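Participant: Right, I'll just put the structure down here and ask away after.
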Amino acid sequence: MRNPSRFDAWLFPLTHWNWKSALITAICRAGACMAALWHSPLHAREHFGVVEAVYVLLTAGIFSAWQQQALDVKPRRLAWAIVVLAIPLGSLAADCALHLWLDRGNMRALGIGALIVTVVSAMFHWHVMRNGVMIVGDGGRSFIDDMKQVPRLIASFVSYPVRALIAGRRIGEVSSEAEEMEIAA
């Protein structure tokens with residue numbers, strides 16, 4: 001007989017498919033792709049856009065569910081590495097492989113820019129999820145409530161490196177007091 005908690009852990013990406021993240025990711029990536037490929041022929045942009053939209057809508061919710069599930073991983077640094085590096089870079093690699101297979105085009109325009117945007121957006125996703133936003137299932141709020149929190153979370157995310165430098169800490173180092181403040185916010 002199967003252990004129900006272990007079985008539930010395997011089903012988590014399906015039971016907690018994050019439609020909030022899938023929607024926002026699809027909108028943001030569509031804009032980024034249009035901007036990056038402005039010089040390409042219209043038919044190439046359309047093909048790229050359709051493939052991108054379908055891929056993102058199908059996978060972003062699952063990848064985000066894995067990120068949400070990883071919030072409970074201990075130690076916290078391992079959880080951060082999973083949420084900010086492993087899952088997003090794995091997703092980006094799968095996305096690039098799909099486009100290379102379908103388009104066989106020159107994707108250099110997306111290369112380093114996509115990598116930077118992926119890591120920064122994953123860091124922001126870590127920040128918002130740690131603050132209870134963009135969570136689905138238990139502990140999740142409505143999409144409207146989440147969106148109301150986003151301006152405050154953008155401000156705290158952007159200002160964190162400055163606050164850390166003023167406090168004399170390295171950016172990656174978070175004191176227990178700062179962590180408690182982040183959770184309280």
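Participant: Taking residue 36 as the residue in question, decide whether it is modelled with pLDDT under 75 and in contact with a helix residue (DSSP H, G or I) (Cβ under 9 Å, 6 or more places away or on another chain).
Facilitator: Criteria met by residue 36.
Participant: Which of the residues spanning the stretch 51-80 are loosely packed, with under 15 Cβ neighbours inside 10 Å and of a type outside the set (A, V, I, L, M, F, W, C)?
Facilitator: 72, 74, 75, 76, 77
Participant: Another question about this same structure. Out of curiosity, is residue 163 surrounded by fewer than 11 Cβ atoms within 10 Å (Cβ to Cβ), more than 30 Å from residue 15 (Cα to Cα) and either of a type outside the set (Val, Ile, Thr) or at pLDDT 90 or above (or both)?
Facilitator: For residue 163, the condition - surrounded by fewer than 11 Cβ atoms within 10 Å (Cβ to Cβ), more than 30 Å from residue 15 (Cα to Cα) and either of a type outside the set (Val, Ile, Thr) or at pLDDT 90 or above (or both) - is not met.
Participant: If you don't mind, another one. Residues being modelled with pLDDT of 90 or more and farther than 19 Å from residue 20 by Cα: count how many of those fall in the stretch 143-160. Quick ask: steps written out before the conclusion?
Facilitator: The first filter runs over the stretch 143-160 and keeps only residues modelled with pLDDT of 90 or more, leaving 143-159.
Filter once more, so that each one left must be farther than 19 Å from residue 20 by Cα: 155-159.
So the count comes out to 5.
Participant: For residue 83, indicate whether it is buried (at least 18 other Cβ atoms within 10 Å of the Cβ), of a type in the set (Val, Ile, Thr) and out of contact with any Gly (no Cβ under 9 Å at 6 or more places or on another chain).
Facilitator: Yes, satisfied.
The values are calculated or read from the model by the stated rules, or taken from the named source; none is laboratory data. In this text the structure is predicted, and so the values were computed from the model without any measurement. Every residue, glycine among them, receives a Cβ derived from its backbone with ideal geometry; neighbour counts consider all protein chains shown.
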